[in-house]
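Read the structure below first, then the notes.
The values are calculated or read from the model by the stated rules, or taken from the named source; none is laboratory data. Source: prediction; values computed, not measured. Ideal geometry is used to build each Cβ from the backbone, glycine not excepted, and the neighbour counts take in all protein chains shown. These accessible areas exclude ligands, DNA and RNA; they are computed on the full protein's heavy atoms, side chains included. Shrake-Rupley method; radii C 1.70, N 1.55, O 1.52, S 1.80 Å.
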Amino acid sequence: MFPARLLVTDVDRTLLTHGYELPASVVGSFRALRDSGVRIVLATARSPEAVRPYAERLEVSDLVICFNGGWVGDVASYAARRSTSIDRTSALKVVEFALARGLATLWYANGKAYTVGRNSVAEHEVEITGETLVVVDTTSDLPAEPGKIMCVRTDPSDPGFDALKDAFSGNLIVAGSHWRLLEVGPLDVSKKAAIEALAGELGIGSEDCVAAGDAENDLGMLRWAGTAVTVANAIDEIKAFAKFVGPSCDEGGMAAVADWLRTRRVAEANAVSQGGK
């Protein structure tokens, strides 16, 4: 049987267009794939609040991976199955380091995004995601321990991201999801680790798991899954080993991916059935 019991997919620039729209063609193809018996789980760097509208439209809100694996749960009720945070001392060092290099930062805790001082770059990011933004005066005013820190730049040649990777990669996960965005999380947290644990709980092996993504922070889960799929705007490293590459996310590429998976699954199921006669 073609391995397609579980599809785990990234959200931004994979399911969504570059303009953060969810194409109707993707919604329809995902519904058909789900109806064929495939479980679908979204795996994103976004917060539960930011991914909820898309998960609900796709009717998969009951089990979603957020913060690159740092939070797993039901985004409709915000009930967490698992939640991991960055220890406060390390998190504050990251924010102070980033701010000193002129980077905008977003600190995700207590269901909100926090930024230090008024910052148009940070404000623009939460406008995109529809999240609640809280502005604090100093880093000491940042609450609790964050599930994720996101650093944002406006110039692709800004060396701040490389400096952050050099300074913190030994103690934290520091990975890019776009040239503008650098995601920072606990060292033992990743999409790969989250889906490996989740698949185990669901009784699904890696050989029966399909993973879709477009960026650096998707590499681990794509290499772990038995079948990797992607869209045409993905980084070259992913396209080089993906079993199927659909059109760009702007063309609803994941609709083609879902149709390919469903067609292969149905065809091979029919072949097995006929062979047993």
D (Stokes-Einstein, µm²/s), Kirkwood Cα radius, the chain, 1.306 mPa s at 10 °C: 83
How far is it, in nm, from the label point at Asp141 to the one at Ile128 when both lie 7 Å from their Cα along the line to the Cβ? 2.5
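Pop the C-beta distance of Thr154 and Glu216 into the FRET formula with R0 = 22 Å and round what comes out to the nearest 0.05.
Working: r = 19 Å, r/R0 = 0.87.
For R0 = 22 Å, the calculated efficiency reads 0.70.
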Amide H contacts of Val8 (H built 1.01 Å from N, under 5 Å, at least 5 apart or other chain): Val41, Val210, Ala211, Ala212
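Fully extended, how many nm does the chain gain between Asp87 and Ser120 (0.36 nm per residue separation, minus their Cα-Cα distance)? Let's see the in-between values first.
On the way: separation 33, 0.36 × 33 = 11.88 nm, distance 2.71 nm.
Between Asp87 and Ser120, full extension yields 9.2 nm more.
Pairwise over distinct Cα atoms, reciprocal of the mean inverse distance: report the Kirkwood radius of segment 66-147 in Å, one decimal place.
Working: mean 1/r = 0.0748 Å⁻¹.
In segment 66-147 this quantity evaluates to 13.4 Å.
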Can you work out the Karplus-derived ³J(HN,Hα) for every residue in segment 141-156? Use 6.51 cos²θ - 1.76 cosθ + 1.60 with θ = phi - 60°, whole Hz, and x for glycine or proline. 7, 5, x, 6, 10, x, x, 7, 10, 10, 9, 10, 10, 10, 10, x
Determine, at each q value in 0.12, 0.17, 0.19 (inverse angstroms), the log₁₀ of I(q)/I(0) that the Debye formula gives when each Cα of segment 1-83 is one equal point scatterer. -0.32, -0.64, -0.80
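Tell me the carbon and sulfur percent of the accessible area for the chain, rounded to whole percent, probe radius 1.4 Å. Mind showing how you got there, number by number?
Details: 5550 of 11340 Å².
Result for the chain: 49 percent of the exposed heavy-atom area is carbon or sulfur.
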Log10 I(q)/I(0) at q = 0.12, 0.14, 0.17, 0.24 Å⁻¹ for segment 103-214, from Debye over equal alpha-carbon scatterers, is -0.51, -0.68, -0.93, -1.36
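Restricting to segment 91-157, compute how many DSSP beta bridges are antiparallel as a %, nearest 5.
Antiparallel bridges make up about 65 percent of those DSSP assigns within segment 91-157.
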Starting with the highest mean, order 233-245, 208-220, 133-145 by the number of other Cβ atoms within 10 Å, averaged over the residues of each peptide. 208-220, 233-245, 133-145
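Quick one: work out Rg over Rh on the C-alpha atoms of segment 18-168, Rh as Kirkwood radius.
Values: Rg = 16.8 Å, Rh = 16.6 Å.
Across segment 18-168, the Cα-based Rg/Rh ratio is 1.01.
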Here the equivalent ellipsoid of segment 143-277, derived from its Cα gyration tensor, has semi-axes (largest first, whole Å) of 34, 19, 11
So for R0 = 51 Å, FRET eff. of Ala100-Arg264 from the Cβ-Cβ r, to 0.05, ends up at 0.50
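With both bridge residues required to lie in the chain, what share of the DSSP beta bridges run antiparallel, to the nearest 5%? Spell out each step's value before the answer.
Values: 25 of 45 bridges.
Antiparallel: roughly 55 percent of the beta bridges in the chain.
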In Å², and per residue, what accessible area does segment 64-160 have when probed at 1.4 Å with the other protein chains present? 43
